[in-house]
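The values are calculated or read from the model by the stated rules, or taken from the named source; none is laboratory data. All figures in this text were calculated on a predicted structure; none of them were measured in a lab. No Cβ is skipped: glycine too gets one built from the backbone with ideal geometry, and neighbour counts run over all protein chains shown.
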Amino acid sequence: MARTAMAQETICALRRKIARIEGTMPERLAAPGEGESLVLRRYGRPEGTAGRPSLSAETGSPRLDAALGGGILQAALTEVIGRETRDSGIVSGFSLALAAIAARAGAASTEGARPVLWVATADILAEAGFPYAPGVEQFFGLTPDRLLLVRANRLEDALWAAEEAAGLGCFSATFLELRGNPARLDLTATRRLHHRAREAGQPVFLIRHSSEPEPTAATTRLLVFPASSSLRKTLAEPLPRSIGPPAFAVTLARSRTGKTGTFTLEWNPHDFVFQERWPTGERGSAFKSSREAQDTGGLAAASFDRPDPAPPARGGLAAARKERRAG
Amino acid sequence: MHPRIEIIEADPDADRRLLESLADWCDRFTPLVALNGADGLFLDINGCAHLFGGEDAMLEEIVRRLTHQGFDARAALASTPGMAWAAARYYEGGDRSVPAGEEEHALAPLPLAALRLEEKTRFGLESVGLRHVGALLGAPRAPLARRFGSMLIARLDQALGMTEEVISPRLPVAPLSVERQLAEPIGTREDIERLILILARTLKEDLERSGEGARRLQLSLFRVDGAVMRIRVGTSRPLREPPLVARLFQERLTALENSLDAGYGFDLVRLSVAVAAPFVMQQADFSGHASEEEEALSLLADRICARLGNGAILAPALAESHVPERRARFAPIEEEARARPTGTTEPLPTAEARPIRLLEKPEPVTASAEVPEGPPLSFRWRRALYRVARAEGPERITSEWWNEDPPAPTRDYFRVEDMAGRRYWLYREGLYGEAAAPRWFLHGIFP
């Protein structure tokens with residue numbers, strides 16, 4: 001092998017030349033750790049991207065993207081927390097939505113659709129139910145043949161499986177779903193998950209039901225609460241008493257930029273983007289009836305023009321009402 | 001009775017277990033071990049004897065080791081099972097082997113019982129003065145068969161090797177296996193893993209020669225004290241690469257950590273291919289992305305199965321049904337792959353929204369509805385009260401009467417949203433006006 005820097009450079013140049021002639025990627029010809037100018041790709045993704053800024057995928061809500069520093073991180077551990085197990089649909093739905101956004105952004109750079117691995121402990125599957133493939137496809141475009149589920153009886157097994165899958169890089173996303181605040185899922189365990197995600201370049205979502213936020217290595221932590229959906233839109237006017245696209249009340253508790261905030265997001269299952277619901281904005285269309293306004297108020301109506309997070313629950317509702325009255 | 005005789009109640013089950021564990025132990029000599037009655041074992045040592053330095057040396061070795069374990073064992077070696085059986089039980093003075101061709105000579109002085117005859121036949125023969133096998137050998141066969149049945153002649157022929165007798169091995173015989181005898185027993189996991197790698201390398205050559213790969217592998221660990229441990233791993237695609245094989249067993253050994261008791265160590269380790277399948281050689285494209293990824297995926301699936309147990313990794317199995325729980329359920333990945341060619345994966349058109357989580361079993365809720373056929377006004381699920389703000393439905397799903405007997409009641413599904421914004425999928429089972437009052441269930445959860 002090349003001993004001197006000179007010889008090494010010659011070899012690199014020759015390799016690039018060969019690759020250009022053959023019309024293939026030069027990266028696969030390179031051995032790992034052979035000079036800074038070469039990138040070893042595994043499954044089409046550069047290896048050892050530890051030092052570089054991670055790619056991010058835009059969620060569709062400019063305010064949330066700004067707070068996240070450009071969007072949801074592609075190669076990182078993202079934590080999604082639900083306070084109660086009965087919110088499991090909302091919490092897992094929100095995580096799936098984030099994964100769909102990440103997959104859509106990833107699909108542009110790499111070919112084909114990769115499967116998704118869902119690792120869950122047996123107790124949460126018993127309590128919150130199994131993912132239901134037809135529904136997952138309807139809302140998040142994830143076809144049943146791309147969904148794999150690992151049921152682990154013990155938390156250690158679930159952690160092991162998630163770690164192995166996260167490092168593999170052949171899944172478009174890995175989910176680890178569990179319940180509560182187990183002691184085993186500490187800073188070290190989550191840091192390992194995060195490192196794997198970063199090296200493989202694929203997102204890992206840690207879904208925690210009936211849990212309290214605690215220090216973990218996740219770069220992004222989101223608390224998800226239920227939010228009333230808007231009415232179904234028809235050509236004429238919103239259909240009364242109907243249930244529109246899924247809505248989430250999200251609190252960004254930790255982000256790469258250090259910003260936090262509260263958002264009410266509505267998922268668009270056709271375009272796979274979020275839309276922020278403006279409590280005072282689109283008064284003309286969806287927020288016509290007073291009944292609807294009451295529904296939105298419940299937990300976390302987002303403030304419109306303030307950079308600081310609106311305090312959740314009552315404060316937000318009062319603010320929304322005040323603004324309504326003023327306007 | 002003699003005062004020093006110790007009386008112990010007969011325990012046939014325990015005897016059986018002991019015999020089976022002995023048969024397990026005998027696996028180290030040959031994979032073809034069959035149980036014989038309550039107190040015997042057949043070992044088919046065709047092609048194994050040279051490993052132990054010849055037939056006589058092998059016989060000696062077996063008896064010696066059994067004696068060391070505290071058994072009073074008698075053994076004999078012959079070219080037919082019948083002859084070996086007779087020699088082991090009726091020869092005076094020790095264990096011997098009967099050379100091929102000398103069965104007649106060896107059998108002649110033995111009593112009739114050596115022929116494995118029914119008691120009735122034996123008494124009949126003895127009553128006419130035929131007390132030794134030799135007397136039968138000289139007698140004309142046709143009258144013997146007429147009088148004492150064809151079984152007598154069959155047994156005689158079997159012992160003499162004129163008709164083939166097959167012993168049925170207790171365990172399925174692996175098509176391919178490699179083993180290593182160890183002078184120094186090993187006990188640590190690292191040693192076992194290293195040995196697996198060595199054995200797998202030998203196995204690879206054989207698999208390559210036959211153009212096959214392993215679909216199921218078994219590792220047999222023979223402990224010094226006679227206990228045998230068998231560890232199996234399955235693979236989702238034919239496999240022959242030694243590091244991958246070693247890795248699968250590594251996961252399995254990790255999972256077994258506590259239950260694998262090395263005791264004084266293992267002195268024989270055997271790696272066998274229980275199920276083999278043709279290995280399809282595929283040429284990857286130059287970039288090799290797709291196949292690499294697929295391989296990595298199936299290896300991960302195998303490792304998860306090895307560590308977490310079979311059926312830990314699941315995939316949705318779709319069926320053409322409009323009953324939600326039948327439409328898609330999670331099945332172990334290998335089962336799902338088998339079902340796929342027959343079942344259709346064509347998506348059924350469903351305009352109605354489906355939940356993203358489905359409870360394993362619909363959970364009964366107490367609900368009150370405004371109007372009999374209408375959506376619930378409020379319901380109580382897992383002791384919490386939910387007030388319904390909005391509801392969509394009903395979507396009526398009737399039972400599949402061609403599948404069910406008696407048909408399940410009709411379900412009316414409602415999609416509801418409570419005051420806080422949680423969305424659930426509820427259904428009312430049965431119709432108003434029927435004999436049983438309708439009941440409400442919560443079946444799924446929407447995002």
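Take B:G374 and tell me if it is over 24 Å from A:F130 (Cα atoms), surrounded by 13 or more Cβ atoms within 10 Å (Cβ to Cβ) and at pLDDT below 90.
For B:G374, the condition - over 24 Å from A:F130 (Cα atoms), surrounded by 13 or more Cβ atoms within 10 Å (Cβ to Cβ) and at pLDDT below 90 - is met.
Could you grab me the full set of residues in segment A:147-173 that are within 7 Å of chain B (Cβ to nearest Cβ) and aliphatic (A, V, I, L, M)?
Scanning segment A:147-173 gives A:L147, A:L148, A:L149, A:V150, A:A152, A:A161, A:A165, A:L168.
Take the conditions small (G, A, S) and under 22 Å from the mean Cα position of the chain (by Cα) and apply them to B:A214. Does it pass?
The answer is yes for B:A214.
Could you tell me which of the residues B:A34, B:A23, B:A38, B:A10 is touching a Leu at 6+ places or on another chain (Cβ under 8 Å), exposed (fewer than 10 other Cβ atoms within 10 Å of the Cβ) and not β-branched (V, I, T)?
The unique qualifying residue is B:A38.
Out of (1) in contact with a strand residue (DSSP E or B) (Cβ under 8 Å, 6 or more places away or on another chain); (2) more than 8 Å from every other protein chain (Cβ to nearest Cβ); (3) at pLDDT below 90, what's the single condition that is false for A:G141?
In the conditions (1) in contact with a strand residue (DSSP E or B) (Cβ under 8 Å, 6 or more places away or on another chain); (2) more than 8 Å from every other protein chain (Cβ to nearest Cβ); (3) at pLDDT below 90, A:G141 misses (1) alone.
Give the number of residues within segment B:257-282 that are at pLDDT below 85 and within 19 Å of the chain's Cα centre (by Cα).
2
Quick one: which of B:D405, B:D418 is surrounded by fewer than 16 Cβ atoms within 10 Å (Cβ to Cβ) and out of contact with any helix residue (DSSP H, G or I) (no Cβ under 6 Å at 6 or more places or on another chain)?
B:D405
Given the condition at pLDDT 90 or above, farther than 23 Å from A:L96 by Cβ, under 41 Å from the mean Cα position of the chain (by Cα) and not aromatic (F, W, Y), answer yes or no: does some residue in segment B:402-421 qualify?
No: zero hits.
Going by the conditions given, is A:G129 within 11 Å of chain B (Cβ to nearest Cβ) and either within 17 Å of the chain's Cα centre (by Cα) or surrounded by fewer than 21 Cβ atoms within 10 Å (Cβ to Cβ) (or both)?
no
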